[in-house]
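Written below as structure tokens is the structure these notes are about.
Where a number appears in this text, it was derived from the coordinates with a stated rule and is not lab data. Only a predicted model underlies this, so the values are computations on that prediction, with no experimental measurement involved. Methodologically, a virtual Cβ is constructed for each residue, glycine included, from the backbone with ideal geometry; neighbour enumeration extends over all protein chains shown.
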Amino acid sequence: MTGKRTRLFYHLKKWLEIAALDYGMFREGDRVLLGVSGGADSLVLLDLLTTPMVHLPRFTVVAAHIDLGFDPSYGDYETLKAHLEERGVEHFMEKTDIGIYAHGPENRKKPCFLCSKLRRKRLFEIAAERGCTRVALAHHRDDIIETLLLNLFFSRELSGMAPCLSFFGGEFLLVRPLAYIREVLVKKYAREQGLPVIGNRCPSSVTSKRLFVKRLLDDLEKENKDVRDNVFLALQHVKPEYLLGRKVGEGLEGLRIRKRDIRKRNLPGKNRSNG
Ligand code: SF4
């Protein structure tokens, strides 16, 4: 069963195909394992990837759902199962306790890190078992922007979320076909098509740092509506020579300023503003 062909449908398809072409995400005959959580983003990507493409080669989508164990009744699991069967998509579903384990007493500080890592690992295993060489995730443009800021604010590094990333020496390609698409349009499309979106039952989903960054961006956009666009475009205009390299064209290795120096306030010139 396929949904209605609306203006929004064609708009999203166009930008999905542009991103896929820009990054060479798919090849003829590929088997693509698509991680489907059951949230709006992954259901929209499933919908878009399983409708005919105009400019992309033909590939097969295999949907994979890893239940994280937050819903003991498995009602959401059954809802998703029914949807995948109705769409006639090849699929694989698995019940795990990854989400519960990631929130265990020994891991209170970083549940998202462990949860994502375990889920990603399992997805690659399933991809290998099912003969898939591509693993597709439903991260959109807003996810990419937020990840850049999260890494900057909390992980002390300038890095983001690549639309296409090679793993295990090129054995697998991780692709994000929604990379150019705004979250608001993804959510709008999910509503327009009446997709059976499953809510996120994870306790960290309402307290995460990602939510903090999202709200910060919302606040900034009250002053300047282009803030998100500018951050996204900045990812294409990186000027390493204006970062902390010692000489033009040289890497950052060997710099000796560490977090403890900043904490101790013994950076050169630290007190200059007083005198
Ligand atoms: S919000 Fe919850 S489900 Fe999402 S990555 Fe974090 S721990 Fe996992």
- Summing -39500 (n - 2.57) over the DSSP H runs of n ≥ 4 in the chain and dividing by its residue number, what mean residue ellipticity at 222 nm do you reach, to the nearest 500 deg cm²/dmol? -13000 deg cm²/dmol
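Which value, in Å to one decimal place, does the Kirkwood hydrodynamic radius take for the chain when every pair of different Cα atoms is included? Write out the running numbers ahead of the final one.
Values: mean 1/r = 0.0480 Å⁻¹.
Roughly 20.8 Å, rounded to one decimal.
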- Hey, how many Å between the Cα centroid of the range 1-45 and the Cα centroid of the range 136-210? 14
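For Leu21 and Asn107 in the same chain, what is the full-extension length gain: residue separation times 0.36 nm, less their Cα-Cα distance, in nm?
Working: separation 86, 0.36 × 86 = 30.96 nm, distance 3.97 nm.
Taking 0.36 nm per residue and subtracting the Cα distance, the gain is 27.0 nm.
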- Query: Quick one: if you stick a label point 7 Å off each Cα along the C-beta vector at Lys95 and Leu243, how many nm between them?
  - Reply: 4.6
- Query: How many nm separate the modelled label positions at Val54 and Lys14, each set 7 Å beyond the Cα in the direction of the Cβ?
  - Reply: 0.7
- Message: For the chain, take the longest principal axis of its alpha carbons; what is the angle in degrees between that and the long axis of helix 7-23, to the nearest 10 within 0 to 90?
- Response: 60
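Can you list the chymotrypsin sites (Phe, Trp or Tyr not before Pro) in the range 23-114 that are in a DSSP coil and have 15 or fewer other beta carbons within 10 angstrom? Before the final figure, lay out each step's value.
Values: sites: Tyr23, Phe26, Phe59, Phe70, Tyr74, Tyr77, Phe92, Tyr101, Phe113; in loops: Phe26, Phe59, Phe70, Tyr74.
Those satisfying the criteria are Tyr74.
Taking 0.36 nm per intervening residue step and subtracting the Cα-Cα distance, what contour gain separates Leu217 from Arg7 on full extension? Don't skip to the end; give the middle numbers.
Values: separation 210, 0.36 × 210 = 75.60 nm, distance 2.78 nm.
Fully extending the segment from Leu217 to Arg7 adds 72.8 nm.
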- Task: Could you pull out the GluC sites (Glu not before Pro) across the range 123-225 that fall in loop regions by DSSP (anything but H, G, I, E, B) with no more than 12 other Cβ atoms inside 10 Å?
- Result: Glu157, Glu171
